[in-house]
Each structure stands twice: as structure tokens, then as C-alpha cells.
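Working notes for the structure below.
Each reported figure results from applying straightforward, stated rules to the coordinates on display, with no laboratory input. Only a predicted model underlies this, so the values are computations on that prediction, with no experimental measurement involved. Cβ placement follows ideal geometry from the backbone for every residue including glycine, while neighbour counts extend to all protein chains displayed.
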């Protein structure tokens, strides 16, 4: 059963999104998104820090429920002012509010639109994800700690010293990272390092590492069997997939490794399907 998560832009955010046709792209003036996850049901309000005036406080307290969350794009408001406003809003749990610090500069409309667009794309992708993997909305490094936030405003704090592939990197290299457009991972180009939520979680919670490994192995086996079935129904032999060796394909079908984006591209081409059509076939077999 699908539930509704309504992403509502407020004030200046609404103006930026309207100018850049976000409303047209998502076919709804109020950004309603149908989801299958009851846990994410509710309303998420997105606003600039300068829009948190007395009127907004009054409106939010009148309309908000215990499930309503607030994403604040901070253009430079002091920590004291933001804390005062959050207290006025009667938001008492961190899971209901997140403050994204962003520097927009004089030409904030253009820069702000790009940041807001990418942020909301990650937010939407994370809330709609069906792969049972937690996604990443935002990340930053402060005082040797990697702070990561999910679309549901869950937080992870990982000491850089606990991340083997990062602990010897200099400060400039550490700060030079990107977040995948779907929030699937954080990427450090110079180090060629990709880290997703589950990998980071495992670094600070060994018990979660074991459970995640067991779940991933089972999921990969189920996915591999579905992939093999779709291939056999299409009449394709293991050697009929250009770009994948029989050995590589065999490992994927046995669940010994995950299905990568390159493998998806090769398999969908062999099936003469677009990647999204091929993934839909796999999803039907999995069900």
C-alpha cells in the first residue's frame, strides 16, 4: 500500500524551484510523492533560514503533526538564531529537523537553484529507494569526524581514523568529495573511494556489519537467481552478453558479487531493452 510524503517548499525555496521548473518536472505543484514505506509518511517542509519568521513559526505550529519534518537551508543565520527558531517551532527531536549550511554568495539564485535541485533529487531518490539500502542526503567533515545524514534525518558520525581508506589522506583531499546524485554513496575522486551508508555504519557498529553482510549475501543470491531466470526465458546463453565474461556473469548469478551499473548496462543491451525496462523484469521475477 502506498503512502504519501508531501515535500512542501516555502518562501524563497518555492520561488527558486518554480523558476527552474521543478514543479513541471515532478508534475505536481506541491511535490507529492507516492511511496511504499509507511515509516516515511508525513510532510517535509523545505525553507531558507531567512524565511523562518514569526509568521512561519505560527503557521508551522498550527499545521505540523508529530510526523512533519523541516529541512532548513541556512544562508548564514547564526547558530543562536536557528536554535531559538527551532525551539519556537517546538521541534524537540533531531529526526524532525536538519539544517544544511550552504554558501550562496551574491548570485544566490543560480547557485542556490543548483544546490536545492541536487539536494531534493537525493531526497526523493532516497525516500523512493526499494533496495533496502539507506541513502545519503548530506555529508560534511569537521574536526576529523565525517558527519552523514540520511533522507530520514538519521545521523552517523564516523571518525576519519576509523576509515582505513581515508585516515592517511590530507585535509584538502578529504574535503574534496561528492555525493552521488541518488545518495547511494560518497565519492572521493582523488582517492577513487566510494563509501555508502551501510559501509560507514559498519565501521562504527561491528554487529551491524555482520548482519548487513548476511542480508547482502542473501539478497545477492536472490537477485542472481532472478537474473539467471530472466536470461534463460530470453533464450540467452552465458556467452551471449557482450561486456561480461561468462565467469563474471556466473559470479553475479550465483550471488557471489553484486549487480553493478556496468553489468546492468551490458545485460539490458543483450536483452535489447532499456536499463529501466530490464530492471522492471528483474523486479517482477523477484516478487
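One table, with the values for the structure above:
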{"read-out": "Order of 125, 84 under a 10 Å beta carbon neighbour criterion, fewest first", "value": "84, 125"}
{"read-out": "Footprinting exposure proxy for 116, 179 (fewest neighbouring C-beta atoms within 10 Å first)", "value": "179, 116"}
{"read-out": "Exposure proxy order (Cβ contacts within 10 Å, fewest to most) of 162, 272", "value": "272, 162"}
{"read-out": "Nitroxide proxy distance, nm - points 7 Å out along Cα→Cβ at residue 160 and residue 87", "value": "3.3"}
{"read-out": "Fraction of the pair-distance distribution of segment 214-286 above 18 Å, Cα-Cα pairs, percent", "value": "28"}
{"read-out": "Sequence-separation-based contact order of segment 138-204, relative, with Cα cut under 8 Å and 6+ spacing, percent", "value": "23"}
{"read-out": "Extension gain (nm, one decimal) between residue 50 and residue 273, 0.36 nm per residue minus Cα-Cα", "value": "75.5 nm"}
{"read-out": "At R0 = 35 Å, FRET efficiency that the Cβ-Cβ distance of residue 182 and residue 58 yields, to 0.05", "value": "0.45"}
{"read-out": "Stretchable slack from residue 65 to residue 232, in nm (0.36 nm times residue separation minus alpha-carbon distance)", "value": "55.1 nm"}
{"read-out": "Extension gain from residue 80 to residue 192, taking 0.36 nm per residue of separation minus the Cα-Cα distance", "value": "36.5 nm"}
{"read-out": "Rel. contact order, % - alpha carbon contacts under 8 angstrom, at least six apart, segment 238-286", "value": "29"}
{"read-out": "Rough spin-label spacing in nm, given labels placed 7 Å along Cα→Cβ, for residue 283 and residue 225", "value": "2.1"}
{"read-out": "Convex hull volume per residue in cubic angstrom - Cα atoms of segment 131-287", "value": "129"}
{"read-out": "Percent breakdown of C-alpha pair distances by 5 Å bin, ordered from the shortest bin, for segment 138-204", "value": "4, 17, 33, 30, 13, 3, 0"}
{"read-out": "Label-to-label distance, nm, for residues given as residue 245 and residue 172 (7 Å Cα→Cβ offset)", "value": "3.9"}
